[in-house]
């Protein structure tokens with residue numbers, strides 16, 4: 001009898017302790033296995049750093065001290081696995097999700113979060129479709145392809161030359177990006193002198209390049225992947241075309257440098273969503289904190305994952321509730337200085353101040369240009 | 001005018017490669033009535049084998065002239081492809097020689113998948129940078145019209161191979177045996193022609209041509225990949241049909257015509273249709289021409305002989 005009383009008392013203590021410090025679960029999803037597992041872990045660490053730093057500060061929500069807990073899941077960059085783990089997080093009762101890493105996994109998973117009414121913020125998926133589905137609680141902390149296309153177009157017209165020719169590979173990515181580039185060129189005061197098309201199997205671009213040559217462009221924009229960008233650069237050289245050449249993130253890789261051989265030079269540019277770490281407002285400090293905590297260097301998107309987790313926590317603080325239905329309004333009107341810049345979303349959920357970096361080829365590698 | 005001339009040069013380079021690959025399709029069709037869909041993959045195997053061979057020779061025998069590596073690559077790729085071609089014929093097609101026509105056709109598609117997957121396992125999914133051993137610096141042939149040495153080599157080698165093949169088929173005993181087998185293999189075998197050997201030889205010669213075409217494509221564009229055989233294979237098959245499948249001269253004419261139509265189509269379709277169609281329709285333009293030719297000449301441009309077979 002005595003033992004029971006003690007047990008009950010202990011139980012009571014346990015309950016009151018839990019009431020004193022409520023645990024709020026936040027989910028994170030990214031590929032932790034497969035060929036981009038290093039990027040997935042990088043994102044997870046970024047989110048983890050935010051959670052632990054806020055825990056150290058001792059946050060109170062609804063008058064109670066709370067402790068945030070990050071639940072990390074692996075989607076292996078596979079859309080099917082992505083939806084499975086999304087459901088698992090929903091069942092585990094997370095109040096918000098940072099993720100996923102890829103557009104291909106985030107788009108199908110966003111439906112599951114939407115049905116459960118849980119906000120999701122991706123730090124790295126750039127496909128514009130994600131925020132065009134009409135879901136109320138989907139956000140991203142990185143610039144999308146629309147913003148990237150606008151930057152390519154504007155940069156081309158204003159910095160590289162007025163007459164711009166655009167080639168795309170007719171994939172969803174290439175076509176979508178090229179349309180935005182077209183608008184950006186016009187907005188930047190340039191002129192689109194040619195729009196040509198190829199497909200994502202082709203290796204011969206001589207015919208369309210010859211046609212473009214006749215329009216005498218200052219810049220050629222290629223909206224497609226690196227595997228074709230390389231041969232295209234070679235063929236430009238073969239045709240004696242001296243225009244500058246710029247491509248989006250699909251071609252902003254180390255692979256294209258190998259494939260283009262001696263045809264790649266300082267006239268070659270590319271863009272990528274986001275800023276290089278040392279150009280972010282809070283980049284330097286973040287780099288040190290990250291290194292101290294995980295003993296690893298930041299890969300790419302960790303600061304965006306940090307800001308995504310911070311946005312969720314800041315919104316909970318502001319709404320004084322961890323209930324997704326209650327803090328969603330606060331999340332929508334987020335406006336704070338994060339590591340990557342000001343975190344504020346437009347009515348679709350895209351980051352307002354989404355930045356895009358232009359790179360130029362120099363000494364055998366891509367070099368970020370100051371914006 | 002410069003632009004038109006440049007487009008004609010572009011078309012000739014692409015067309016001459018199509019023509020060489022089309023010869024492989026047409027030879028096999030002429031003799032067996034079989035469309036060997038795996039032919040494009042043999043081209044891919046040729047390019048990737050040459051890539052491995054060149055990389056190997058560059059590491060064990062440094063300091064040779066670049067052309068020497070190129071020739072060595074070809075000399076390794078050709079026998080390997082010949083062996084691949086022979087193996088395909090011996091294992092996949094010979095047993096089906098008297099089967100209904102659909103069976104070998106589907107087998108050909110299967111062999112094509114098999115070769116692609118094997119190449120993916122051996123060489124991986126990545127695009128490989130193919131060493132450009134022949135000069136790629138452009139030479140101005142007429143004012144404003146450029147051609148690179150590697151393109152000139154492509155056209156030259158293709159022409160040489162076509163002439164060589166025509167001599168082989170029309171002037172030698174083996175060629176006579178091939179023509180006899182094509183006409184009627186039962187009668188040919190009654191006349192003392194070893195038809196199995198002739199058919200195997202046809203595959204071997206066609207595969208050697210494909211190997212050369214593969215190496216030329218890879219050195220022209222500087223890229224090699226396990227899926228690179230699909231598009232040239234499809235285009236060459238189209239060229240063979242356009243020229244009249246089963247007819248050697250037809251394959252050559254069909255290849256050159258298809259290359260020119262593509263280049264000119266991509267270059268001018270937008271101007272001609274007042275912007276209504278653009279270069280994303282370049283393939284449609286090529287197939288439209290094919291359709292029109294086949295409506296008025298169902299056997300292709302030069303393909304009279306096939307009428308009784310088709």
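None of the figures in this text is laboratory data; all of them are computed from the coordinates on show. In this text, all values refer to a predicted model and were calculated from it rather than measured experimentally. Note: ideal-geometry Cβ built from the backbone for every residue, glycine included; neighbour counts use all protein chains shown.
Length, then width, then depth: along the principal axes, the Cα atoms of the range B:2-42 run 44, 19, 10 Å.
Label point of residue B:98 set 7 angstrom out along Cα-Cβ; within the range B:156-188, amide nitrogens under 16 Å from it belong to B:185-188.
Mean per-residue shielding of peptide B:216-226 is 4, counting Cβ atoms of other chains within 10 Å of each Cβ.
Per-residue shielding of A:198-205, expressed as the average number of other chain Cβ atoms within 10 Å of the residue Cβ, stands at 6. Oblate is the label for the range B:65-212. Its Cα gyration tensor axes, ordered a ≥ b ≥ c, give a/c of at least 1.5 and b/c at or above a/b. Take every Cα pair under 8 Å whose residues are at least 6 apart in sequence, average their separation, divide by the length of chain A, and the relative contact order is 17 percent.
Taking every Cα-Cα distance in the range A:46-136 and sorting them into 5 Å bins starting at zero, the pair-distance distribution P(r) comes out as 3, 13, 23, 23, 17, 11, 7, 3, 0 percent.
When peptides B:215-221, B:98-104, A:143-149, B:83-89 are sorted by average Cβ neighbour count within 10 Å, with the highest value leading, the order is B:215-221, A:143-149, B:83-89, B:98-104. Per residue of peptide B:280-286, the mean number of Cβ atoms on other chains within 10 Å of the residue Cβ is 3. Relative to the dominant Cα principal axis of chain A, helix A:103-116 is inclined by about 30°. Max-minus-min Cα coordinates of the range A:272-371 on each principal axis give 53, 32, 16 Å, with the largest extent listed first.
Report the Stokes-Einstein translational diffusion coefficient (µm² s⁻¹, integer) for the range B:1-99, Rh taken as the Kirkwood radius over Cα pairs, at 37 °C with viscosity 0.692 mPa s. My calculation gives 205 µm²/s for D. Between residue A:333 and residue A:362, residue separation times 0.36 nm minus the direct Cα-Cα distance comes to 6.3 nm.
Dividing the summed helix terms, -39500 (n - 2.57) for each DSSP H run of n ≥ 4, by the number of residues in the protein assembly as shown produces a 222 nm estimate of -18500 deg cm²/dmol to the nearest 500. The angle separating the long axis of helix A:226-238 from the principal Cα axis of greatest extent in chain A is about 20 degrees. Taking a ≥ b ≥ c as the square roots of the eigenvalues of the Cα gyration tensor, chain B is classed as oblate, since a/c reaches at least 1.5 and a/b does not exceed b/c. For the protein assembly as shown, DSSP calls about 35 percent of its internal beta bridges antiparallel. One quarter of the convex hull surface built on the alpha carbon atoms of the range A:209-363 amounts to 12.2 nm², the projected area averaged over directions. Summarised in one figure, the compactness ratio Rg/Rh of the protein assembly as shown, Cα atoms and Kirkwood Rh, is 1.09. Site pair residue B:137 and residue A:136 shows an inter-label distance of 6.7 nm when each label is modelled 7 Å from Cα along Cα→Cβ.
Looking at the range B:100-176, the pairs of alpha carbons with a distance over 14 Å make up 79% of the total.
Among A:234, A:367, A:154, A:326, the order by Cβ neighbours within 10 angstrom, fewest to most, reads A:367, A:326, A:154, A:234.
Working ranking of peptides B:21-30, B:244-253 by packing, defined as the average number of other Cβ atoms within 10 Å per residue, highest first, is B:21-30, B:244-253.
Once C-alpha pairs closer than 8 Å and six or more residues apart are averaged by separation and normalised to the residue number of chain B, the relative contact order reads 35 percent. Annotation for residue A:186 and residue B:272: the two label points, set 7 Å from Cα along the Cα-Cβ direction, are 2.8 nm apart. P(r) tail, chain A: Cα-Cα pairs separated by more than 31 Å, 41% of all pairs. Sorted into 5 angstrom bins from 0, the C-alpha pair distances of the range B:51-148 split as 2, 10, 13, 14, 14, 13, 11, 10, 7, 4, 2, 0 percent. Shape verdict for the range B:203-310, please, from the Cα gyration tensor: rounded (a/c under 1.5), prolate (a/b greater than b/c) or oblate. In terms of gyration-tensor shape, oblate.
Quick one: angle between helix A:145-155 and the longest Cα principal axis of chain A, in degrees between 0 and 90, rounded to 10, please. Rounded to the nearest ten degrees, it is 40. The distance between label points at residue A:53 and residue A:285 comes to 0.7 nm (points 7 Å beyond Cα on the Cα→Cβ vector).
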